1. When only residues in the range 18-45 that are β-branched (V, I, T) and touching a residue at least 12 places away in the same chain (Cβ under 8 Å) count, which is farthest from ligand 2 (Cβ to nearest atom)?
2. Only one of these conditions is not met by V90: (1) in contact with a Lys or Arg (Cβ under 9 Å, 6 or more places away or on another chain); (2) within 23 Å of G138 (Cβ to Cβ); (3) within 16 Å of ligand 1 (Cβ to nearest atom). Which number is it?
3. Which ones in the range 143-172 are farther than 22 Å from V109 by Cα and surrounded by 18 or more Cβ atoms within 10 Å (Cβ to Cβ)?
4. Suppose the filter is farther than 13 Å from L189 by Cβ, within 12 Å of ligand 1 (Cβ to nearest atom) and modelled with pLDDT of 95 or more; does A21 pass it?
5. Scan (1) within 20 Å of R50 (Cβ to Cβ); (2) crowded, with 16+ Cβ neighbours inside 10 Å for the single condition Q98 breaks and write down its number.
6. If I ask for residues that are farther than 25 Å from R78 by Cα and either away from ligand 2 (no atom under 16 Å from the Cβ) or surrounded by fewer than 23 Cβ atoms within 10 Å (Cβ to Cβ) (or both), which ones from the range 196-214 would you list?
7. Pull up the range 151-187, narrow it to residues that are of a type in the set (V, I, T), under 23 Å from N99 (Cα atoms) and in contact (Cβ under 8 Å) with a residue 12 or more places away in the chain, then point me to the one that is nearest to ligand 1 (Cβ to nearest atom).
8. For the range 137-162, how many residues meet the condition of being among the hydroxyl-bearing types (S, T, Y) and not in a loop (DSSP other than H, G, I, E, B)?
Amino acid sequence: MTTTYTVLSEGLEKRFGKVRALRGLDLAVAQGTICGLLGPNGAGKTTAVRLLTTLLRPDAGSARVAGHDLVREAAAVRRRIGVTGQYASVDGDLTGRQNLRLFARLHRVRGPAETAGELLERFGLTEAADRPASTYSGGMRRRLDLAASLVRRPDVLFLDEPTTGLDPASRNDIWEAVRTLRTEGTTVLLTTQYLEEADQLADDIVLVDRGRVAHTGSPAALKAVVGTYVEVVVADADVMVKAAGVLDHLTGARPTFDHDRGAVGAVTRDTTLTLPRLVRELDAAGVPLLDASVKPPTLDDVFLHLTDETPDRDETEEAAA
Ligand SMILES: Nc1ncnc2c1ncn2[C@@H]1O[C@H](COP(=O)(O)OP(=O)(O)O)[C@@H](O)[C@H]1O
Ligand SMILES: [Mg+2]
């Protein structure tokens with residue numbers, strides 16, 4: 001079986017004056033999957049999305065998006081993609097319904113009114129459909145924005161930080177909508193600053209650091225590089241020794257001790273070692289616990305492990321040039 005890549009880029013570069021926003025970005029997003037472009041502020045995520053959606057031209061490198069060359073067939077690419085930006089593109093003076101109808105007409109969709117109605121229903125906006133979008137909550141606006149990008153049923157949808165600034169409930173709504181799109185066969189490339197979001201949604205994560213891919217892998221593989229930190233707190237030194245024996249057995253790693261807190265911890269790459277299991281295992285071994293925790297790695301942990309924080313040689317040279 002051969003994999004079709006809906007987004008395939010090689011060596012994409014973009015500079016803004018002296019800033020090298022992208023320094024050779026290679027991406028391969030398989031058809032029908034969700035790819036999470038994960039990286040901190042300034043990594044180049046938005047620039048990547050703006051290039052891949054033809055809003056900006058690359059200085060170097062090439063890409064094919066939905067079967068078309070990004071530069072030579074930009075119009076064809078545009079017809080096959082949807083994009084939701086970091087900043088909403090909907091007009092606040094118009095109602096949700098008017099916004100979607102307008103988009104449908106702009107894109108010459110047959111039955112703009114029906115399309116608008118269906119999308120409003122799908123994103124839970126039917127009740128608010130005839131109110132100006134400026135009265136919508138942040139979550140509603142983001143859903144409307146997402147709906148607008150789906151007016152034309154894109155082959156590939158680009159979402160730039162779709163949930164930044166949303167409350168947990170709204171964030172979950174967006175996540176559900178994105179998952180539904182995947183089941184319908186849409187390829188999704190989303191950017192995020194949150195490891196949790198990439199973990200929840202993405203089939204593959206591309207870690208972007210200073211305009212380049214620092215690492216690629218499944219969410220589990222990425223987290224496993226760092227490992228989860230498990231820790232138990234117990235009453236006295238004797239129990240600490242017992243707890244350490246159990247942790248050693250469970251994780252295969254050498255436990256570390258914090259005698260002041262009565263804490264014993266270890267790093268594990270075993271994602272089945274959840275908090276309930278940890279507590280059960282220690283209980284079964286007759287170790288009385290005061291506290292226990294399982295801390296998955298944060299994006300910061302992952303970054304520290306996978307990126308080289310020393311100043312980049314050619315970046316320094318560029319800056320001096
Ligand atoms: N239009 C622009 N003009 C100048 N610098 C820019 C512009 N857009 C982005 N940059 C710079 O490029 C780098 C990457 O930015 P961006 O792609 O927005 O990162 P991210 O989306 O990951 O936060 C940053 O250093 C940013 O300041
Ligand atoms: Mg951005």
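The values are calculated or read from the model by the stated rules, or taken from the named source; none is laboratory data. The shown structure was predicted, so the numbers you read here are calculated from the model rather than taken from an experiment. We place every Cβ from the backbone using ideal geometry, glycine too, and count neighbours over all the protein chains shown.
1. Among them, the one singled out is T33.
2. Every listed condition holds for V90 apart from (3).
3. Correct list: D160, E161, P162, T163, L166, S170, R171.
4. Yes, satisfied.
5. (1)
6. E196, D199, Q200, D209, R210, A214, listed by residue number.
7. First pass over the range 151-187, keeping only residues of a type in the set (V, I, T): 151, 156, 163-164, 174, 178, 180, 183, 186-187.
Filter again for under 23 Å from N99 (Cα atoms), leaving 151, 156, 163-164, 174, 178, 180, 186.
Then keep just the ones that are in contact (Cβ under 8 Å) with a residue 12 or more places away in the chain; that gives 151, 156, 163-164, 174, 178, 186.
Working: V151: 25, V156: 19, T163: 14, T164: 10, I174: 18, V178: 18, T186: 22 Å.
Looking at the filtered set, the residue picked out is T164.
8. Taking the range 137-162 as the starting set, the residues that turn out to be among the hydroxyl-bearing types (S, T, Y) are 137, 149.
From what's left, not in a loop (DSSP other than H, G, I, E, B): 149.
Number satisfying all stated conditions: 1.
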